[in-house]
Every structure is written in C-alpha cells, then in structure tokens.
Amino acid sequence: MIHLANSFSLLSHPKIDICNGFRVGSSVFGIKTFPIYSTGIKDKIKLFRNKLYKKIYSISDTYHNVDIDLKLAISLHSKVIEIKEIEKGQSVGYGTSYIANENKKIAIIDIGYEDGLPRCNNDMKVVINKKCYNVIGEIGMCLIFAEIDERVKIGDTVDIISDNIRIGNFCRLKNQSVHEVLISLGKLNSKKYI
C-alpha cells in the first residue's frame with residue numbers, strides 16, 4: 001500500500017496515480033476538511049493565490065465546495081444545572097471579566113476547560129432548545145455561564161458541538177486544528193456510542 005495523504009487530499013484533489021491509500025480520520029467523524037469558498041474578495045484572493053501556486057510549483061488541481069454529504073458523527077453536550085438572576089454591576093466568572101450592564105438571567109452549565117473547552121471566552125456560543133445564547137465571563141474549570149431567557153430551564157440540554165454549532169467554530173475559538181480539538185475532548189467526557 002502506498003499512502004500519501006489525509007481526508008483533505010482525498011476530498012480536494014483528483015486521483016493521485018502513485019497512491020492507493022488515504023487516511024480518512026477527520027472524514028470518519030463527518031468533518032468537512034476541504035476548502036469552501038464564497039464569492040467574497042477574501043476568497044477570490046485565496047483562489048488567485050492557489051492558481052499562482054499551482055503554476056509556480058506544479059501543484060495538482062484542488063477541488064473546492066465539494067458536494068459530499070458528510071454527517072457529523074461527534075457532538076458535545078452538557079446540562080443547565082442552575083439558573084440565577086444577576087443585577088446590573090455584578091460580575092460573573094474568573095477575574096470579574098464580565099460585569100452585567102443590566103439585570104440578566106444566566107444559566108450555569110456543567111462543563112469547562114477541563115472538558116476540552118477553550119480557556120478564554122472568545123465570543124463562545126451555546127445552543128439550548130434550538131436557540132443560540134452567548135457564553136459570558138471566562139470559561140471555568142468545571143462551569144460556564146450563558147445569558148438566557150425564560151425558555152431555558154434547569155436540566156435542559158446544552159449543545160457545545162452539534163449540528164447547530166459546527167466543530168470548525170469550536171476550533172477557531174480554541175485556535176486549534178480539528179485533530180487537536182478531537183483529542184482534547186476525549187479525556188474526561190463520558191462517551192455514548194451509537
């Protein structure tokens with residue numbers, strides 16, 4: 001067996017004649033690793049750069065916006081364990097990094113950076129009952145806090161990674177690759193195989 005590449009190469013390059021094997025790690029998890037380009041200026045520049053590299057370095061064509069229906073095979077969920085009312089001026093989380101600018105209702109969620117979440121909150125979001133909510137304050141070791149409304153109840157399931165919140169968004173929050181994120185999620189979290 002001659003194997004040269006990973007899921008990205010399998011999905012984004014034409015057949016490589018000297019190769020008869022690929023590692024399909026991230027594709028097995030339903031993660032799309034090929035480039036998806038829009039019609040925006042940033043993506044037009046990337047496409048131009050790719051064409052230039054192809055010409056200069058004799059690189060094979062690269063497919064983008066590949067039409068393949070991969071189903072996400074990994075998810076991360078938690079539960080709302082408590083709901084609190086905070087008043088204007090009160091802080092939430094480590095180092096008082098979040099101070100409420102008005103009275104708010106918050107959910108305390110049983111997950112934290114020990115479970116693979118990013119240590120810093122870079123505009124993280126969660127989905128509860130199919131609605132997106134902002135995570136507020138710094139990420140705790142065991143807990144996060146989300147600004148919520150009346151629809152959220154104690155015991156509700158919280159989506160961290162799911163069809164509602166793609167793993168790519170999570171990777172950008174952690175500033176890590178998909179592979180690093182997948183490894184970091186496996187340490188303490190309970191697993192349910194389907």
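Quick notes on this structure:
- Among the numbered conditions (1) modelled with pLDDT of 85 or more; (2) buried (at least 17 other Cβ atoms within 10 Å of the Cβ), the only one that Lys105 does not meet is (2).
- Identity of the residue in segment 32-61, of a type in the set (Ser, Thr, Tyr) and modelled with pLDDT under 75, that ends up surrounded by the most Cβ atoms within 10 Å (Cβ to Cβ): Thr33
The rows are residues; the columns are (1) at pLDDT 90 or above; (2) open to solvent by less than 70 Å² (accessible area, probe 1.4 Å); (3) aromatic (Phe, Trp, Tyr).
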residue	(1), (2), (3)
Met124	yes, yes, no
Ala146	yes, yes, no
Asp149	yes, yes, no
Asp163	no, no, no
Phe170	no, yes, yes
Lys174	no, yes, no
Val178	no, yes, no
Asn189	no, yes, no
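- So Val66, is it at pLDDT 75 or above and touching a Leu at 6+ places or on another chain (Cβ under 9 Å): no
- Qualifying residue in segment 19-29 (condition: at pLDDT 80 or above and open to solvent by 80 Å² or more (accessible area, probe 1.4 Å)): yes
- Verdict on Val126 being under 14 Å from Leu76 (Cβ atoms) and without any contact (Cβ under 8 Å) to a residue 60 or more places away in the chain: yes
- Candidates Ile111, Ile194, filtered to the one that is open to solvent by less than 20 Å² (accessible area, probe 1.4 Å) and either under 30 Å from Phe8 (Cβ atoms) or in contact with a strand residue (DSSP E or B) (Cβ under 9 Å, 6 or more places away or on another chain) (or both): Ile111
- Residue, farthest from Lys105 (Cα to Cα), within segment 151-161, restricted to residues that are open to solvent by 10 Å² or more (accessible area, probe 1.4 Å) and in contact (Cβ under 8 Å) with a residue 24 or more places away in the chain: Asp159
The values are calculated or read from the model by the stated rules, or taken from the named source; none is laboratory data. Because the structure is a prediction, the values reported are computed rather than measured. So basically every Cβ, Gly included, is an ideal-geometry build from the backbone, and we count neighbours across all protein chains shown. Just so you know, the surface numbers come from the protein's heavy atoms only, side chains and all, with ligands and any DNA or RNA stripped out. Shrake-Rupley method; radii C 1.70, N 1.55, O 1.52, S 1.80 Å.
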